Amino acid sequence: LSGEPVLGPFGSRRLGEASDVTVVHTVRGPVDTGELGATLMHEHLFVLTAEVQQNYPGGWDEPARVADAVAKLTALRETGVRTIVDPTVVGLGRDVRRVRRVCERVDLNVVVATGVYTYTDVPFYFRFRGPGVSPDLPEPMVDMFVGDITEGIAGTGVRAGMLKCAIDEPGMTPGVERVMRAVARAHRITGVPITVHTHPASRTGLLVRRLLDSEGVDPARVVLGHSGDSTDADHLCELADAGFLLGMDRFGLEVELTFADRVGIVAEMVRRGYAEHLVLSHDAACHVDWADPALLAGLPNWHYLHLHNDVLPELRARGVTEEQIDQMLVGNPRRYFEATGAY
């Protein structure tokens, strides 16, 4: 090969005969996986109820919100984090143009997602399209997701670097199954990885495993988000043994579990030898409109800096080594994004 990179149809490239480097698409352009550095695998910039914001904007001040996000992400960058993964999709108020305005002012890689977020039904847009009309009709979500990955989102040229879907306490409803199969098929076309919001108290990771296996998805390319909401180490080991990455990704959201419990389950999984299956994050946002600000004020640690300020020191105190921390923050995210290309 010459010195010019050879680009594949979905963004992977090989740099020279002896190198095997994959490109991840970020808001600011392609980044080699080896340059991702310390990566938080589940953070949002904005989580909004789009129709409410559009029709009842209240005190929304766009320049102020963008400036606030820039300040918060700049502070995160100063901890040494180089990349965040933002799995905000349809159902969470995705606005890539707003995200791009933030990223233009911050020296941080931001990987955005495509997909649909629902716990029950498909959005009404899809209800009477494709399989919603007849099982024999093609699924429009697949083409939409693939377009976001291969061409860019909403005419911005910003390409999604991963896929996102969800399953929660209601389980594998017909709508959830439809979205998840569309995500799996878009993954098989493009090779980009998947994150699934799960509800470990209901052991929904096992349902994800069954469906994705039926679609031929390699679990090594899948993060089971919010696995850190559980202290059932045996259940988490079962999922890790199946090959999944586990998102220990809600540090600071001390509702279902305490700080001690969230740190404790990570330390226990590391002690059992599963550091290579864990990724870390907060599931925080610069702004989220899903709760009254007074309620959010009761979660003082739910922010981007909590991991470095509080969690990592406590993990070290519990015997987690620097090598294991580096594995969870650098090695595992890199492996997750090192695409094998289209299937």
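Things worth noting here:
- Solvent exposure of segment 17-126 amounts to 44 Å² per residue of accessible area, where only protein heavy atoms count and the probe is 1.4 Å.
- For Lys164, the residues whose amide H sits under 5 Å from its own are Thr114, Gly115, Val116, Thr195, ignoring neighbours fewer than 5 places away on the same chain, with H placed 1.01 Å from N.
- Overall dimensions of segment 167-270, expressed as equivalent-ellipsoid semi-axes from the Cα gyration tensor (√(5λ), whole Å, largest first), are 24, 14, 12.
- Across every pair of non-identical alpha carbons in segment 122-172, the mean reciprocal distance, once inverted, gives a Kirkwood radius of 12.7 Å.
- Value of [θ]222 nm, deg cm²/dmol, for the chain, DSSP H segments ≥ 4, -39500 (n - 2.57) each, nearest 500: -9500 deg cm²/dmol
- Cα-based Rg and Dmax for segment 190-343, where Dmax is the largest Cα-Cα distance (Å): 15.6, 48
- Derived scalar couplings between HN and Hα for segment 326-337 equal 4, 4, 6, 8, 10, x, 5, x, 4, 4, 4, 8 Hz in order, rounded to whole Hz, by the Karplus curve 6.51 cos²θ - 1.76 cosθ + 1.60 (θ = phi - 60°), x for Gly and Pro.
- Residue-normalised convex hull volume from the C-alpha trace of the chain: 138 Å³ per residue.
- For the chain, averaging the sequence separation of C-alpha pairs within contact (under 8 Å, six or more residues apart) and dividing by the residue count gives a relative contact order of 20 percent.
- Pairs of Cα atoms farther than 13 Å apart, segment 227-294, %: 64
- Working note: Karplus 6.51/-1.76/1.60 with θ = phi - 60° gives segment 31-37 the couplings 9, 5, 4, x, 9, 5, x Hz, where Gly and Pro are set to x.
- Calculated on C-alpha atoms, the gyration radius of segment 12-147 divided by its Kirkwood radius gives an Rg/Rh of 1.04.
- Among beta bridges that DSSP assigns inside the chain, antiparallel share in %, nearest 5: 20
- Convex hull (Cα only) mean projected area of segment 65-220, reported in nm² to one decimal: 10.2
- Surface composition of segment 278-343: carbon plus sulfur atoms contribute 53% of the solvent-accessible area (1.4 Å probe, protein chains only, all chains present).
The values are calculated or read from the model by the stated rules, or taken from the named source; none is laboratory data. Quick caveat: nothing in here was measured; it's all calculated off a predicted structure. Heavy atoms of the whole protein, side chains included, go into the accessibility calculation; ligands, DNA and RNA do not. Shrake-Rupley method; radii C 1.70, N 1.55, O 1.52, S 1.80 Å.
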